[in-house]
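The values are calculated or read from the model by the stated rules, or taken from the named source; none is laboratory data. Bear in mind that the values here come from a model prediction, so they are computed numbers and not experimental data. Ideal geometry is used to build each Cβ from the backbone, glycine not excepted, and the neighbour counts take in all protein chains shown. Accessible surface areas use protein heavy atoms only, side chains included; no ligands, DNA or RNA. Shrake-Rupley method; radii C 1.70, N 1.55, O 1.52, S 1.80 Å.
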Amino acid sequence: MKDFDELMTVVGNHGPYQRWILGVFVMPTSFFIGVTVNLLLFQVEVPKHWCHVPGIENTSLSAEEWKNLTIPRESGEFSSCSRYKVEWQHDGAFVINNITQGCDQGWDHDKSEFEETMATTNEWFCEREDYTNHVYSLTSAGNTIGTIILPVIADRYIGRRLMFFVVLAVHAIFTLPVAWTTNYGLLLSLKFFAGLAFETVNMMSYITGIEFLAPERRNTGCLLTFLGWTFGTCLTSLIAWLIPDWRYLAMISCLPATCGFLYWRYLPESPRFLLSKGKISECATVLLQIAKKNKKTGVSRAQLEAELSILWSRQEKEVSLLEALRYPKLRVRMLMLFVMSGCLFLTYNVVFLGVTVLSSNFFLSHFVLSISELPSNGLGWVWTHYLGRRFTCIATFLSTGAFCVAATFCLEDKWAMLAIASCIRLFSTQLIYIATMQSAEIFPTPIRSTAFAWMVVCGLGAAIATPYILHSGFGDAFPYWFLSALMLLCATLGAFLPETIGLPLPQTFRDSEELGKGRPLTTWIHHWNHHKYVPASPEEPNNQELRSFQ
């Protein structure tokens, strides 16, 4: 037998079982992750606020008139941290002195969009205005650290399935108490530990699903993952608009994690992971379940275990990411993917934070920005499926770079800049789609989730530089010139990655090292000619056995 993908054709690699995995597990999980992650944005939003000045109940003034009288203006806006001193007379009259003082009576805030956020409930204003940023930063830090550690544990010890449920539990356990926590230090700790789970849930569901699919169907799995995420982020705007209170949003974000345990009885462990750990009998059991669901007859446990034992004899037992450094081509490709991931995450965040807000309505702005990602999912699927992974990668990086250059000439035109920024956002989202697919098809099974995790870590780490690039002091055009240079660099790196369209997922480190053998870098390989560039392999006795078995 040549590889695990050939064995999957025996039990069915495109049938009812794969449709169940994608439609009932992968896409719903991505959808709810999109909801959960984006709900945090509405919880930490800081609405417009100003000092509370008591006494309006003793007047006939409206709230707006009282604010105009008692709150000074700074740069045309109401001050957030000072108010005029009000002196009350015995006869009920009042005098407003042209003397400002701090907000010693608390704050009022604009409730046109949000009833309560973390900032308004805890009065994180003025000298404590950075508290909200700390909450977001600590959550992101937890996300980064969790992405480093947890996938490694999944790859080496407990597998994709169990890790999926572990991180669901971690998120629910540490998120629910946030709604009742008033101690700032405790709240930061809870958000940090809750953040450990975000990206790992996404990776476990995606990698588990992708490992059940035929090579020609993996881009469909990637597409459904991104579609689920996009629809989830769009729904977040509606949920937050209907329930504009951060406490309820925190509790709602626990529901997807709780509902995820409904998969406990039905979600199998990845057979590729079981094979990589030498669990032949358990792997055969999962494959028999797949064969039964796909109505494949004539599949016996004895034959499956015999074929799996042959594959196991070829399987490297080392699962450390450092093992990849022993293979020259694999380590260079790994480094290139890490650099590309950092650049595209940085581009995504710079454009997201730097573009002009679409409207004064936070919910509408978030919805429009989210829905703008939708075309990238379909385009990514079509381009990678028909034009190949490598060509799509290069072309998309070059297109993104071209729009970054165009942005430098549109800085004074708000609507033209908005259109250009939307295109950059669309292509940068498509790049995330492409990089996700390439990582799954280049890294071998023993380190697939670990390597993917490190790609995300590189992306999250690079994104930290976003505010420094936007406020570098080199002018408004600098971020876009900088991004265009990064896109050109990534397009060059992408030209040296192997074309993986139509190839089986690499099971071993040697498979990854030899990936692309027989596929020249100077040749454009796509949907209509990839069958001409299938790596040749010597005839093995067990290949004959597999064909007989089929």
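Quick check on region 287-305: of everything there that is in a helix (DSSP H, G or I) and free of Cβ contacts under 8 Å to residues at least 12 places away in the same chain, which residue is least open to solvent (accessible area, probe 1.4 Å)? If you could, list the steps in order and put the result at the bottom.
From region 287-305, those in a helix (DSSP H, G or I) are 287-293, 301-305; that's our starting set.
Right, trim to free of Cβ contacts under 8 Å to residues at least 12 places away in the same chain and you get 292, 302.
Values: Lys292: 167, Ala302: 75 Å².
Among those residues, the one meeting the criterion is Ala302.
Rundown of residues vs (1) in contact (Cβ under 8 Å) with a residue 60 or more places away in the chain; (2) surrounded by fewer than 24 Cβ atoms within 10 Å (Cβ to Cβ); (3) over 17 Å from the mean Cα position of the chain (by Cα), yes/no style:
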| position | (1), (2), (3) |
| --- | --- |
| Gln430 | no, no, no |
| Pro444 | yes, no, yes |
| Trp454 | yes, yes, no |
| Leu460 | yes, yes, no |
| Tyr468 | no, yes, yes |
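Mind checking which residues of region 395-412 are modelled with pLDDT under 85 and touching a Cys at 6+ places or on another chain (Cβ under 7 Å)?
Matches in region 395-412: none.
Of the conditions (1) farther than 27 Å from Ile21 by Cα; (2) open to solvent by less than 30 Å² (accessible area, probe 1.4 Å); (3) modelled with pLDDT under 85; (4) among the hydrophobic types (A, V, I, L, M, F, W, C), Phe367 clears all except one; give me its number.
(2)
Among Gly23, Gly15, which is the only one that is out of contact with any strand residue (DSSP E or B) (no Cβ under 6 Å at 6 or more places or on another chain) and either more than 30 Å from Leu308 (Cβ to Cβ) or open to solvent by less than 40 Å² (accessible area, probe 1.4 Å) (or both)?
Gly15
Is it true that Ile280 is at pLDDT below 90 and within 17 Å of the chain's Cα centre (by Cα)?
It is false that Ile280 is at pLDDT below 90 and within 17 Å of the chain's Cα centre (by Cα).
Report, ordered by the first and then the second residue, all pairs with beta carbons closer than 6 Å, sequence separation of six or more or different chains, a first member in region 376-401 that is within 13 Å of Ser484 (Cα to Cα) and in contact (Cβ under 8 Å) with a residue 60 or more places away in the chain, and a second member that is among the aromatic types (Phe, Trp, Tyr) and crowded, with 22+ Cβ neighbours inside 10 Å.
Pairs that qualify, where the first residue is within 13 Å of Ser484 (Cα to Cα) and in contact (Cβ under 8 Å) with a residue 60 or more places away in the chain and the partner is among the aromatic types (Phe, Trp, Tyr) and crowded, with 22+ Cβ neighbours inside 10 Å, are Thr400/Phe427.
Give all pairs with beta carbons closer than 6 Å in which a residue from region 252-269 that is touching a residue at least 12 places away in the same chain (Cβ under 8 Å) meets a residue that is aromatic (Phe, Trp, Tyr); count only pairs at least 6 apart in sequence or on separate chains.
From region 252-269, the pairs are Pro256/Phe32.
With respect to Leu249, determine if the residue is hydrophobic (A, V, I, L, M, F, W, C), more than 16 Å from the chain's Cα centre (by Cα) and part of a helix (DSSP H, G or I).
yes
With the condition kept exactly as written, say whether any residue in region 32-51 is among the aliphatic types (A, V, I, L, M), more than 30 Å from Thr233 (Cβ to Cβ) and at pLDDT 85 or above. Spell out how you get there, then give the answer.
Going residue by residue through region 32-51, those that are among the aliphatic types (A, V, I, L, M) are 33, 35, 37, 39-41, 44, 46.
This time we only want the ones that are more than 30 Å from Thr233 (Cβ to Cβ), so: none.
No: zero hits.
What about Trp415, is it of a type outside the set (Lys, Arg), at pLDDT below 85 and open to solvent by 10 Å² or more (accessible area, probe 1.4 Å)?
yes
Residue check: is Val201 of a type in the set (Val, Ile, Thr), part of a helix (DSSP H, G or I) and either open to solvent by 50 Å² or more (accessible area, probe 1.4 Å) or touching a residue at least 40 places away in the same chain (Cβ under 8 Å) (or both)?
Yes: the conditions hold for Val201.
Need the failing condition index for Gln507 against (1) of a type outside the set (Asp, Glu); (2) over 28 Å from Trp312 (Cβ atoms); (3) modelled with pLDDT under 90, just the number.
Failed condition: (2).
When region 472-525 is examined, which residues are found to be touching a residue at least 40 places away in the same chain (Cβ under 8 Å), among the β-branched types (Val, Ile, Thr) and surrounded by fewer than 22 Cβ atoms within 10 Å (Cβ to Cβ)?
Across region 472-525, the qualifying residue is only Thr508.
Got a number for residues in region 176-198 being open to solvent by 30 Å² or more (accessible area, probe 1.4 Å), more than 19 Å from Asn38 (Cβ to Cβ) and either of a type in the set (Gly, Ala, Ser) or not in a helix (DSSP H, G or I) (or both)?
The total comes to 4.
In the list Leu235, Leu224, Leu262, which residue meets the criterion of being assigned to a helix (DSSP H, G or I), under 19 Å from the mean Cα position of the chain (by Cα) and either of a type in the set (Lys, Arg) or surrounded by fewer than 20 Cβ atoms within 10 Å (Cβ to Cβ) (or both)?
Only one candidate passes the filter, namely Leu235.
If we keep just the residues of region 157-175 that are in contact with a helix residue (DSSP H, G or I) (Cβ under 8 Å, 6 or more places away or on another chain) and modelled with pLDDT under 90, which is surrounded by the most Cβ atoms within 10 Å (Cβ to Cβ)?
The residue in question is Arg160.
Picking from Thr59, Thr70, which residue would you name as being open to solvent by 10 Å² or more (accessible area, probe 1.4 Å), on the phi < 0 side of the Ramachandran plot and over 31 Å from the mean Cα position of the chain (by Cα)?
Result of the check over Thr59, Thr70: Thr59.
Exactly one of (1) within 17 Å of Val46 (Cβ to Cβ); (2) touching a residue at least 40 places away in the same chain (Cβ under 8 Å) is unmet by Ala141. Its number?
(1)
Just give me the residues in region 268-286 being surrounded by fewer than 18 Cβ atoms within 10 Å (Cβ to Cβ) and assigned to a loop (DSSP other than H, G, I, E, B), in sequence order.
Answer for region 268-286, where residues must be surrounded by fewer than 18 Cβ atoms within 10 Å (Cβ to Cβ) and assigned to a loop (DSSP other than H, G, I, E, B): just Gly278.
Specify the residue that is farthest from Ser80 (Cα to Cα); the eligible residues are those in region 95-119 that are open to solvent by 50 Å² or more (accessible area, probe 1.4 Å) and of a type in the set (Val, Ile, Thr).
Val95
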